[in-house]
Amino acid sequence: DVKVTQSSRYLVKRTGEKVFLECVQDMDHENMFWYRQDPGLGLRLIYFSYDVKMKEKGDIPEGYSVSREKKERFSLILESASTNQTSMYLCASSHDYSSYEQYFGPGTRLTVT
Amino acid sequence: EDQVTQSPEALRLQEGESSSLNCSYTVSGLRGLFWYRQDPGKGPEFLFTLYSAGEEKEKERLKATLTKKESFLHITAPKPEDSATYLCAVQAPMFSGGYNKLIFGAGTRLAVHP
């Protein structure tokens, strides 16, 4: 079974802090994704990576950056956390460009105070 | 604009009471429609992919169907363990790079009571 793990289930950070969210998948998937999930808004794509060191902006990339130095690991970085970035963050992976069955991690609930 | 709308927002059923969840979409050239199940505090779990109108997929008490404008997730004789949020998503092109992305609806929260 595909396993996607995220470094933290819950995080509390202060406004202005730099925040790192880590995601690791163990199935050699090409594609990895970061979403945020907010009530009533569904999942919204922040960034997408289709290969090591390659990335594409999603629908809401402002205030975020990403890093993919190894195939199995995809990091989301909040350069200067703000209260409007309080949310559930979900990482996902999929096998290749033609396969959009995405496998999700358990999520990180981030609170910025 | 590509959009996915799910209804109802919440649904309460008695055990054994069959019903359907709706997912309507507007997308330029459907490349795939996906159903996911999400339990509280967990990430979404993949259920089905549908690619063309008329296609149906089944898994235990769930059956997903697809038309040109909407998809239904039919739940037959549900049990309390079917309680979850069900998410619908459509595959749509990204604005750059020739890649596709998933556009998610807000979900339907299903509660099945004994």
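The values are calculated or read from the model by the stated rules, or taken from the named source; none is laboratory data. From a predicted model like this one, the values you see are computed outputs, not experimental measurements. Every residue, glycine among them, receives a Cβ derived from its backbone with ideal geometry; neighbour counts consider all protein chains shown.
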So which residues in segment B:20-41 are surrounded by fewer than 17 Cβ atoms within 10 Å (Cβ to Cβ) and in a strand (DSSP E or B)? B:SER20, B:ASN22, B:SER24, B:THR26
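Results for (1) within 22 Å of B:ILE103 (Cβ to Cβ); (2) facing chain B (nearest Cβ under 9 Å); (3) modelled with pLDDT of 95 or more, shown as yes or no for each residue.
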residue: A:ASP28; (1), (2), (3): no, no, no
residue: A:ILE46; (1), (2), (3): yes, no, yes
residue: A:VAL66; (1), (2), (3): yes, no, yes
residue: A:SER80; (1), (2), (3): no, no, yes
residue: A:LEU90; (1), (2), (3): yes, yes, yes
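Right, B:THR5: surrounded by 18 or more Cβ atoms within 10 Å (Cβ to Cβ), of a type in the set (Ser, Thr, Tyr) and either within 13 Å of the chain's Cα centre (by Cα) or within 14 Å of chain A (Cβ to nearest Cβ) (or both) or not? Explain how you work it out, then say what you get.
On the way: surrounded by 18 or more Cβ atoms within 10 Å (Cβ to Cβ): no; of a type in the set (Ser, Thr, Tyr): yes; either within 13 Å of the chain's Cα centre (by Cα) or within 14 Å of chain A (Cβ to nearest Cβ) (or both): yes.
No.
For segment A:61-113, which residues satisfy the criterion of being among the polar types (S, T, N, Q) and within 15 Å of the chain's Cα centre (by Cα)? Lay out the reasoning, then the answer.
First, the residues of segment A:61-113 that are among the polar types (S, T, N, Q): A:65, A:67, A:75, A:80, A:82-87, A:93-94, A:98-99, A:102, A:108, A:111, A:113.
A:SER65, A:SER67, A:SER75, A:GLN85, A:THR86, A:SER87, A:SER93, A:SER94, A:GLN102, A:THR108 - these are the residues of segment A:61-113 that are among the polar types (S, T, N, Q) and within 15 Å of the chain's Cα centre (by Cα).
Can you confirm whether A:SER80 is surrounded by fewer than 16 Cβ atoms within 10 Å (Cβ to Cβ) and in contact (Cβ under 8 Å) with a residue 40 or more places away in the chain? Steps first, please.
Numbers: surrounded by fewer than 16 Cβ atoms within 10 Å (Cβ to Cβ): yes; in contact (Cβ under 8 Å) with a residue 40 or more places away in the chain: yes.
Against the criterion (surrounded by fewer than 16 Cβ atoms within 10 Å (Cβ to Cβ) and in contact (Cβ under 8 Å) with a residue 40 or more places away in the chain), A:SER80 qualifies.
So, restricting to strands (runs of 3 or more DSSP E) that lie completely within segment B:42-113, which ones have at least 3 residues that are crowded, with 18+ Cβ neighbours inside 10 Å, more than 14 Å from chain A (Cβ to nearest Cβ) and within 13 Å of the chain's Cα centre (by Cα)? Steps first, answer last, please.
Working: elements: B:45-50, B:56-59, B:62-66, B:70-75, B:84-93, B:100-104, B:108-113.
Result: B:62-66, B:70-75.
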Could you check segment A:2-38 and list, in sequence order, the residues that are exposed (fewer than 12 other Cβ atoms within 10 Å of the Cβ) and within 20 Å of A:MET54 (Cβ to Cβ)? A:ASP28
